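The values are calculated or read from the model by the stated rules, or taken from the named source; none is laboratory data. In this text the structure is predicted, and so the values were computed from the model without any measurement. Because the Cβ atoms are built from the backbone with ideal geometry, glycine has one as well, and the counts that use them run over all protein chains shown. Please note that ligands, DNA and RNA were not included when accessible areas were found on the heavy atoms of the full protein model with its side chains. Shrake-Rupley method; radii C 1.70, N 1.55, O 1.52, S 1.80 Å.
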Amino acid sequence: MHNTSFRLQGLNYIYLPFDVPSSNLADSLKALRTLGIRGINVTIPHKEKILQYMDHVSEEASTVGAVNTVVNEGNQFFGYNTDINGIIESLTPYKDDIAKSAATVIGSGGAARSVLYSLIRHFKVSKINIINRTEERSEALKDYFKDKMHFEEISTFELMPKENIEVYKSSKLIINTTSIGMFPTVEDTPTDLPASFNKSQIVFDLIYNPLRTKFIDVAASKGAEVINGLKMFVVQGARSFELWTGETMDVDHIYSKLENNLR
Ligand code: NAP
């Protein structure tokens, strides 16, 4: 996405992957300053730990407690969370439907944090159910958001599809933030029970590979409005691109290129 855009827009940058173990995080950031690298994206397992090395953190990233984009400006590190931009853009067309409604979030990792923040701050949901395999993590997430954003209406449930049917059914919005169903284990899904879904729901899967997960398939079979993770992916990248270069990425072009590749 980034290298294609640099080439298309004649920008003298290159985007490279670095595999950095946790024990090398601090040293790798020193290298950023030494080498004059403009910025980075960070992913699992660094998104939370990197906050302590930032000179400035955006309000959103600070509330969420996770940074995915760093800008090196005059040797000062500025931390942002652009996943939030991707989530907001994906759900904005449904803003009126979501407001004052119940939402269910499956998962309790980094992506779930950004989703909870967006649902509370931007979409004004009335209630959030968190479903997760590991109960301690969903409990920790609930406590974190109750404390940080003073949002009290959070309930937690274990990932048990049959027992979760009523939770799903009573939700206007359902979001999968786990990696269940991601390539190559495309037959997996948080629930394969059609009774969980109905045609008045909006069902969002953060996964974009495959474009149509089994989870999305089951929800669509009951007439739910479905959204995959590709728009979120492109928008989070486009926002990072803008923060580093000051230029606007051609989002539509990149989206269709990626969509074709994934198809
Ligand atoms: P993470 O912090 O590692 O969290 C993973 C979550 O998935 C946890 O809640 C974990 O449950 C659950 N999980 C994983 N495997 C499971 C399994 N086999 N059975 C049940 N639960 C399982 O990862 P993350 O950063 O939040 O990312 C999660 C997903 O979001 C990934 O698929 C990623 O590609 C996607 N994502 C998409 C975008 C986008 O732009 N579209 C952006 C960010 C992330 P436990 O707590 O029980 O371990």
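When restricted to residues that are in contact with a helix residue (DSSP H, G or I) (Cβ under 7 Å, 6 or more places away or on another chain) and either among the acidic types (Asp, Glu) or within 13 Å of the ligand (Cβ to nearest atom) (or both), the range 118-153 contains 6. Only residues that are hydroxyl-bearing (Ser, Thr, Tyr) and over 22 Å from Asp83 (Cβ atoms): list them for the range 190-238, please. Once the filter is applied, which keeps residues that are hydroxyl-bearing (Ser, Thr, Tyr) and over 22 Å from Asp83 (Cβ atoms), the range 190-238 yields Thr191, Ser196, Ser200, Ser221. Can you pull out every residue in the range 133-153 that is closer than 23 Å to Phe215 by Cβ and either open to solvent by less than 10 Å² (accessible area, probe 1.4 Å) or out of contact with any strand residue (DSSP E or B) (no Cβ under 7 Å at 6 or more places or on another chain) (or both)? Matches in the range 133-153: Arg133, Thr134, Arg137, Ser138, Leu141. Of the residues that sit in the range 90-110 and are more than 12 Å from the ligand (Cβ to nearest atom) and assigned to a strand (DSSP E or B), which one is surrounded by the most Cβ atoms within 10 Å (Cβ to Cβ)? Ranking the candidates gives Thr104 first.
Within the range 111-119, does at least one residue satisfy the condition of being crowded, with 24+ Cβ neighbours inside 10 Å and part of a loop (DSSP other than H, G, I, E, B)? No. Would you mind stating whether Ser90 is under 24 Å from Pro194 (Cβ atoms), at pLDDT 95 or above and within 16 Å of the chain's Cα centre (by Cα)? Criteria met by Ser90. Residues that are open to solvent by 100 Å² or more (accessible area, probe 1.4 Å), in a loop (DSSP other than H, G, I, E, B) and under 21 Å from Val251 (Cβ atoms) within the range 3-20 comprise just one, Ile14.
Residues that are open to solvent by less than 30 Å² (accessible area, probe 1.4 Å) and in contact with a strand residue (DSSP E or B) (Cβ under 6 Å, 6 or more places away or on another chain) are absent from the range 43-50.
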